[in-house]
Every structure is written in structure tokens, then in C-alpha cells.
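As C-alpha cells, the structure follows; a few thoughts come after it.
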Amino acid sequence: MRSPARDALLGSLARPHTFGRAFGLERAGDNLGAVVGPLLAAVLVAWLGLRPAIWFAFVPGMLAAIAIIVAAREARGPTTGVRRPMRLDVRGLRRAGIGRPLLPVLLFECGNLATTLLILRATDLFTTLGFANAASLAILLYAGHNAVAALIALLGGFWLDRVGPRRVFASGAIAYVLAYGLIAHASIHWGFAVAGFLLAGAGIGLAETAESALIARILPDELRGSGFGVVGGIQAVGNIVGTVVAGALYATVSPAAAFTYAGAWMLLSACTAGVFRARAPSGQNPG
């Protein structure tokens, strides 16, 4: 519920030629929060244990909810007084040309595994150090993943405003292909796991920024809520299907098979990124 509303609001506030920077900054902020969270979690788990650490997450969660309400009220402009019916405007989305660009997004999300599977892989690789130490190192890798995602999302937003979302998205998918290849063969050397985590962070920083900027460029303001809702649904379904299949391969075949499977989806996504060329309501070429 949070992501489509947030992205639609940001798309309404930002100017078309700054969509990349706007969504890149938003993704950077989100990922920076995900750096602080795991680091605090690692300290709290070591100090108090797992269950109390989870309870502590309630505090920033409530603060975030309050901040979102205040920010939304501050950003709300004058209204016309006309309330539109709540519906998914499928016909309007098709006329706007959103159908074809969703193909590479779907392929990408089928390969976008839950980060918990990456953490499991890192924990398995470091089990010789003891479970607690292995879990702590995996959490630190996750923090590094999010730090890289924040930096790359910010830089990728500036790049996107220059070249359009197509190249940025394709670069994100290729980064994931390389990341999964390294993580699949991380048993050779622990450095492969570190490099894989960092490359995956770069991939998600680029791809998520490009996906949001693309939808904002293609759709007029009155359709962005529906558009971001559809993208959110595709992301959720793709993540579930991809992670379930990869998890089954991880458990029954090998970790290498699981990450090779996910990498194949990412490669297909990069190869189809050319359909990101679509008309934009502002008259600009979305790339």
C-alpha cells in the first residue's frame, strides 16, 4: 500500500525532466535507512537477543507512519472538490502505452530474489565461524548492499535524466546477472560473496529508480496511482514466484542452481529493455 501512493505523490510533485533525480533521491533515502537498521539490529541481537531486537523495530515504524502523514498533508495542493471513483483504470493505462514496458519489469522481478535468500547464502558460507558470527557477517553484508544501493540510486537518477530509463534499467539487470554469478560460486572464495552483494545493491538501485521514473514519464497525473499500483502488483507476484522457485532449487539442487535460475531472468530482462522506448505525456522521450 505504501509504495504506489508514495511514488504517485512524488511523480505529481516532481517536474518531468527531474524524475530520475527525484526517484533516485527517494530510493537513496530508503536504502540509507536500510543501512542503519541492519547495523542497529546486529548490535541489538548481540546485546539483547533476537526477540527484543524485533520489538525495538516498532518505534521507528510508528515514527515513520507519523512522518508520512505529516509530509502528505504538507505536500497536498489545492483540490478541485471532485472525488473520482476508486477504480483501476485499465483502459486508460493501455491507451497510455504502459503494456509493453511492463514486460522487462516482470522479467526483472521474477529474478529479483528476496534479500533473505542472499543473507541465507552468506550465512551458509560463513558457518565455520559459528552461527551467531555468520549471521552477524551476513547482516553486515546486507548493510553494505543497501549502502551501495543508496549511492547508485542517487547517481543513477542523474544519469537517467540525461539518457532515459532504458539504459539505466538494463544496467541494473546486468549488474544482477554478474552478482548472481558471483554469489552462485562464492564457495570458491568469500570475496565472491562480498562482490555479489555489492553488485546486487547497484542493480536494485538502478532498476527501481528506472522503473518508477518510467511510469511517471509515461502516465499523466490522473493515471499514476493506477500505474504504480499495477507495477507494485507485478513486483510482488514476480518476487514471490522467483523466490519460491529459487528457494526450492536452493534446498533440493544447490545454491548455484538457484542463483543461476535468477540470473537467467535478469539476462532476459536486460535483453528486452528496448521496449522502454515509449511516448510520454510531457512530449519528452522517456528513453
Exercise. Using a simple charge model, +1 on the beta-carbon of Lys and Arg, -1 on the beta-carbon of Asp and Glu, nothing else, what dipole does region 166-257 show about its Cα centre, in debye to the nearest 20?
Worked result: 180
For this session: Assign unit charges at the C-beta atoms only (+1 for Lys and Arg, -1 for Asp and Glu), then state the dipole size of the chain relative to its Cα centre in Debye, rounded to the nearest 20.
Result: 980
Exercise. Shape call for region 81-227 from the C-alpha gyration tensor, a ≥ b ≥ c root eigenvalues: rounded (a/c under 1.5), prolate (a/b greater than b/c) or oblate?
Worked result: prolate
For this session: Using only alpha carbon pairs under 8 Å that are at least six residues apart, calculate the relative contact order of the chain and give it in whole percent.
Result: 32
Exercise. Sorted by packing (mean other beta-carbon atoms within 10 Å per residue), highest first, where do 167-178, 38-49, 214-225 land?
Worked result: 167-178, 214-225, 38-49
Problem set entry | Cα shape, region 1-53, gyration tensor, a/c 1.5 rule | prolate
Seminar exercise, completed: FRET efficiency (residue 129, residue 275; Cβ distance; R0 30 Å; to 0.05) is 0.05
For this session: Can you give me the span-like helices of the chain, meaning DSSP H runs with 18 Å or more of Cα extent along the axis and Kyte-Doolittle mean at or above 1.6?
Result: 58-75
Seminar exercise, completed: Length gained if residue 57 through residue 94 is fully extended, taking 0.36 nm per residue and subtracting the Cα-Cα distance, is 9.3 nm
Problem set entry | FRET E, pair residue 64, residue 155, Förster distance 35 Å, beta-carbon r, rounded to 0.05 | 0.85
Problem set entry | Percent carbon-and-sulfur accessible area, region 118-199, ignoring ligands, DNA and RNA, probe 1.4 Å | 72
Problem set entry | Expected 222 nm ellipticity per residue - DSSP helices of 4 or more, -39500 (n - 2.57), all of the chain, to 500 | -27000 deg cm²/dmol
Problem set entry | Percentage, to the nearest whole number, of Cα pairs in the chain over 25 Å apart | 49
Seminar exercise, completed: In terms of the charge dipole of region 98-197, which places +1 on Lys and Arg and -1 on Asp and Glu at the beta carbon, the residue among 174, 140, 129 farthest towards the positive end is 174
Exercise. If the chain between residue 46 and residue 195 were fully stretched, how many nm would it gain, using 0.36 nm times the residue separation less the Cα-Cα distance?
Worked result: 51.1 nm
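The values are calculated or read from the model by the stated rules, or taken from the named source; none is laboratory data. Everything numeric in this text was worked out from a predicted model, so none of it was measured. Note that we place each Cβ from the backbone using ideal geometry, even for glycine, and neighbour counts take in every protein chain shown. Keep in mind that these areas ignore ligands, DNA and RNA; they rest on the heavy atoms of the full protein, side chains included. Shrake-Rupley method; radii C 1.70, N 1.55, O 1.52, S 1.80 Å.
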